[in-house]
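Below you'll find the structure, written out as structure tokens, and then a few comments.
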Amino acid sequence: MINVAVFGYGTVGSGTVEVIMDNNDVISKNIGDRIDVKAILDLRDFPGDKYESRIVHDVDVIVNDPEIDIICETMGGVGAAYKFTKMALEAGKSVCTSNKELVALHGPELLKIAADHNCSYKFEASVGGGIPIIRPLQDALTAEVIQSVCGIVNGTTNYMLTKMDKEGAEFEDVLKEAQANGYAEADPTADIEGHDACRKIAILSSLVFGKTIRSEEIPTEGITAISARDMKYAKQLGRKIKLLARYESKDGKRYAMVAPFLLTPENPLYFVDDVFNAIKVTGNMLGEAMFYGRGAGKLATASAVVGDVVECAKNKGKNIPCDWTDEVVTLKDKELSSRRFFVRVGAEVACEAKEAFPIEEEVKVGFYDEFAFVTKVMSENDFEEKKSKLGAGVINYIRMED
Ligand code: HSE
């Protein structure tokens, strides 16, 4: 018997219990042994819940229970989740998590503790919810030199941008609606400012590189500056605005960033709408492969957690290696990143803008209080320098993906 404990009986935690119980036969068959949820750790009581009798409030009860083999950490955050994960790994129990914040911040340390204690730390659910992406990168794609990883990895912002695109609605109105129907958190900062996507690309790029790329090092812009006007310009350009998280590696240089981009229909990410996520991986032999699916949500995310449980159960008493060391890599190669930019400036600085930027085309949708244009290909540094000359005259800018 494989006994599992779940840390945190919230949305993903309760989904994890549901997946293990409802798919018990197929999971047991795949492991080659029966599986059960022996305990659920939560501060709260759940009177009337089907699994009420399995709730415990003391982490020591679980960590000291020799019958419990695997922990599903679905608490979130980097406080108690970090402490309890370390306790579990030090007790030789494998931990499977959906906690991207903890993985991005302490992944290599937790992987090392797991290796030292003959157990595993697995985090498939931390990026792309139910979409398999971590394991393909570590397994199926290991014959490749990975040249880029680029994806839509935040469901909340993709839902909001899709609504704004389809309905011409303003950011604030869409955010309120997304909060009202449960797509956006009461505090949406991590999603709309791009922090959540940043943690996810930090994890993916660290895995590709095998060293640590810290999320604080990754230039990150969210979607708060995107307006209904931007959507009109995007349509005029035949494009859609998507929040992309990307990592690129070329000629030994590496660069990562999170920002809104204007995509054409030639890019498969153009068609990824609503809460769906997709991650496009480019390898030097393979070319492009795209992983698409539900990037968030109770059962999709729980399914990825339990997929990791199956792998840990099959490797009971052993460490599943992961090539990600704590050596920190600084991503300084901003010059690697050159592209065209869509820019809107106030009409009063149109002349200065024409002088400052190499303009490829003007974009007109009938707003006479501003001047909008697409630049020629420019480096990020060059763009930044020219933009800063115009100061508050720049209303907004969005990068063009070609
Ligand atoms: N807030 C995240 C999102 C949840 O919207 O994608 C899944 O990581």
In the range 177-197, the residues that are within 12 Å of the ligand (Cβ to nearest atom), part of a helix (DSSP H, G or I) and closer than 15 Å to N158 by Cβ: A178, A190, D191, I192, D196, A197
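Output the residues belonging to the range 61-79 that are surrounded by fewer than 18 Cβ atoms within 10 Å (Cβ to Cβ) and touching a residue at least 12 places away in the same chain (Cβ under 8 Å).
Selection gives V61, N64, D65, E67, G77, V78.
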Given (1) β-branched (V, I, T); (2) open to solvent by 20 Å² or more (accessible area, probe 1.4 Å); (3) within 14 Å of the ligand (Cβ to nearest atom), index of the condition V305 fails: (2)
Failed item, numbered, when G346 is tested on (1) surrounded by fewer than 17 Cβ atoms within 10 Å (Cβ to Cβ); (2) of a type in the set (G, A, S); (3) touching a helix residue (DSSP H, G or I) at 6+ places or on another chain (Cβ under 9 Å); (4) touching a residue at least 60 places away in the same chain (Cβ under 8 Å): (4)
Output for the range 158-182, where each listed residue is closer than 30 Å to V208 by Cα and surrounded by 22 or more Cβ atoms within 10 Å (Cβ to Cβ): N158, Y159, M160, L161
In the range 240-274, the residues that are closer than 21 Å to K364 by Cα and open to solvent by 20 Å² or more (accessible area, probe 1.4 Å): K240, T264, P265
Yes/no for C322 being surrounded by 14 or more Cβ atoms within 10 Å (Cβ to Cβ), touching a Cys at 6+ places or on another chain (Cβ under 7 Å) and either within 27 Å of G32 (Cβ to Cβ) or not polar (S, T, N, Q) (or both): no
Among (1) away from the ligand (no atom under 16 Å from the Cβ); (2) in contact (Cβ under 8 Å) with a residue 60 or more places away in the chain - the single one E221 does not satisfy: (2)
Odd one out for L141 among (1) in a loop (DSSP other than H, G, I, E, B); (2) within 13 Å of the ligand (Cβ to nearest atom): (2)
Every residue from the range 355-381 that is at pLDDT 95 or above, farther than 20 Å from I241 by Cα and within 29 Å of the chain's Cα centre (by Cα): none
Helices (runs of 4 or more DSSP H) enclosed by the range 53-137 - at least 1 residues per element that are in contact with a Cys (Cβ under 7 Å, 6 or more places away or on another chain) and not small (G, A, S): 80-90, 100-116
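Suppose we keep only residues that are small (G, A, S) and within 19 Å of D273 (Cβ to Cβ) within the range 131-157. Which one would you say is surrounded by the most Cβ atoms within 10 Å (Cβ to Cβ)? Working first, answer last.
Our first condition is that a residue be small (G, A, S); within the range 131-157, this holds for 140, 143, 148, 151, 155.
Okay, now just the ones that are also within 19 Å of D273 (Cβ to Cβ), so 151, 155.
On the way: G151: 30, G155: 23.
My answer is G151.
The values are calculated or read from the model by the stated rules, or taken from the named source; none is laboratory data. These numbers were taken from a predicted model, which means no experiment stands behind them. Here the Cβ is made from the backbone with ideal geometry for all residues, glycine too, and neighbour counts use every protein chain on show. Protein only, heavy atoms only, side chains kept; ligands, DNA and RNA dropped before computing areas. Shrake-Rupley method; radii C 1.70, N 1.55, O 1.52, S 1.80 Å.
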